[in-house]
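Throughout, read-outs are computed from the coordinates displayed, never taken from laboratory work. Keep in mind it's a predicted model, so treat the numbers as computed, not measured. When we count neighbours, we look across all protein chains shown, and the Cβ atoms used for this are built from the backbone with ideal geometry, even at glycine.
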Amino acid sequence: MKQFSGSLQTHLDSGTTTLAWCWRLTRSDGVIFGFTDHDLSLTFDGTTFEPESGFTASEIRSGSDLSVDAQEAEGVLTSNTITETDILDGRWDNATVEIWRVNWADTASRALLRRGAIGQLRRGRLHFVAEMRSLAHVLGQTIGRTFQASCDTALGDARCGMGLDNPAFKATGTVVSISGDRGFTVSGLSGFAESWFALGALQWLTGANTGRKAEVLSHGITGADVIVTLLEAPVRTVEVGNTFDIFAGCNKRFETCQSKFANAVNFRGFPHIPGQDTVIRYAAKGDANAGAVL
């Protein structure tokens, strides 16, 4: 059972309350925001909780079976606090949340009711609805490695061991023309074979997307044109002349690790894992049972 401070309990027992909800959100980049459903700003613990966002909250649902408890908060998209671009950019993904019940007439009388993280974000033209998941959602995440045929590392990380600053796996390009919302013709990649950067990563060096990374879907060559297509459309507009660093792609297969990167010693998958049809195969003389499809 939640225990309240003496002053808050006395206030609740009085029968006439002045209560408000407050939410403190900390994004993954360390920026802290405070919101409240009160009509004036409230301040405590070094955070100012602003009413301008128009936050309203649903009921809190709690259970004793370790299921993920959730609450929803609805608010208005504002140009200086919560923007549609920031939501699309993923800046609010998995932001940590503290939910407070506060006596707005005396903010020292307050109680922390829940900690959690931002889950699903639904947005409309003028507003958003944020799901606030309890800490139980962490129990549903995969911890450790999984037994699978493909590699489970990110290309270039410590377990992979590849140095992506090697000129064979990294290039700097410039946007020459735009094709649709995700594709563009580029210069600077003429020395690389087609699909070399497919399934790789791209980091913008200039333009509205400076500093942001994107996944590369395909890298094609049509005549003299080199065309790069991203997996998702950039949140901010890509313009002719924008420059970027692009890194070689990996499809997580053992053959690719061996032939493209000469890094088979660090392959973190299980390429000889039996296939799904193993349960129905029968013994045969000379069968190597190497996991190949029948």
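If you place +1 on the Cβ of every Lys and Arg and -1 on the Cβ of every Asp and Glu, how big does the dipole about the Cα centre of segment 154-241 come out, in debye to the nearest 20?
For segment 154-241, the charge dipole is close to 200 debye.
Which whole-Hz ³J(HN,Hα) couplings does segment 216-228 yield from phi under the Karplus relation 6.51 cos²θ - 1.76 cosθ + 1.60, θ = phi - 60°, glycine and proline marked x?
Result, ordered by residue: 8, 7, 8, 9, x, 10, 10, x, 8, 8, 9, 10, 10 Hz.
Show the residues, 5+ positions off or on another chain, whose built amide H is closer than 5 Å to the amide H of Leu199.
Residues meeting the criterion, in which the H sits 1.01 Å from N, are Val216, Leu217, Ser218.
Which whole-Hz ³J(HN,Hα) couplings does segment 102-111 yield from phi under the Karplus relation 6.51 cos²θ - 1.76 cosθ + 1.60, θ = phi - 60°, glycine and proline marked x?
10, 7, 5, 7, 8, 5, 5, 8, 7, 9
Note down the nm distance, to one decimal, between modelled labels 7 Å out along Cα→Cβ at Ala158 and at Ile143.
Result for the modelled spin labels: 1.9 nm.
For a quick check: sort His219, His11 by the number of other beta carbons within 10 angstrom, fewest at the front. Present the calculation step by step, with values, prior to reporting the outcome.
Details: His219 24, His11 19.
If I rank by nearby Cβ atoms, fewest first, I get His11, His219.
Using a 7 Å offset from the Cα along the Cα-to-Cβ direction at both Ser41 and Ser179, what is the distance between the two label points in nm, to one decimal?
Between Ser41 and Ser179, the label points sit 5.0 nm apart.
Given 0.36 nm per residue, what is the gain on full extension from Glu215 to Gln120 after removing their alpha carbon distance, in nm?
Gain on extension, Glu215 to Gln120, equals 32.0 nm.
Would you kindly derive the ³J(HN,Hα) couplings of segment 157-163 from the backbone phi angles with the Karplus curve 6.51 cos²θ - 1.76 cosθ + 1.60 (θ = phi - 60°), listing them in order in whole Hz, with x for Gly and Pro?
Working through the residues one at a time gives 7, 5, 6, 6, x, 7, x Hz.
Hey, what did segment 120-264 get for relative contact order, percent, Cα under 8 Å, at least 6 apart? Please list the in-between numbers first.
On the way: 243 pairs, mean separation 35.0, N = 145.
Once normalised by length, the contact order is 24 percent.
Measure off 7 Å from each Cα along the Cα-to-Cβ vector at Ala262 and Ala193, then give the distance between these two points in nanometres to one decimal.
1.5 nm
If neighbour count is taken as other Cβ atoms inside 10 Å, put Ile32, Ile280 in order from fewest to most.
Sorted ascending by nearby Cβ count, the order is Ile280, Ile32.
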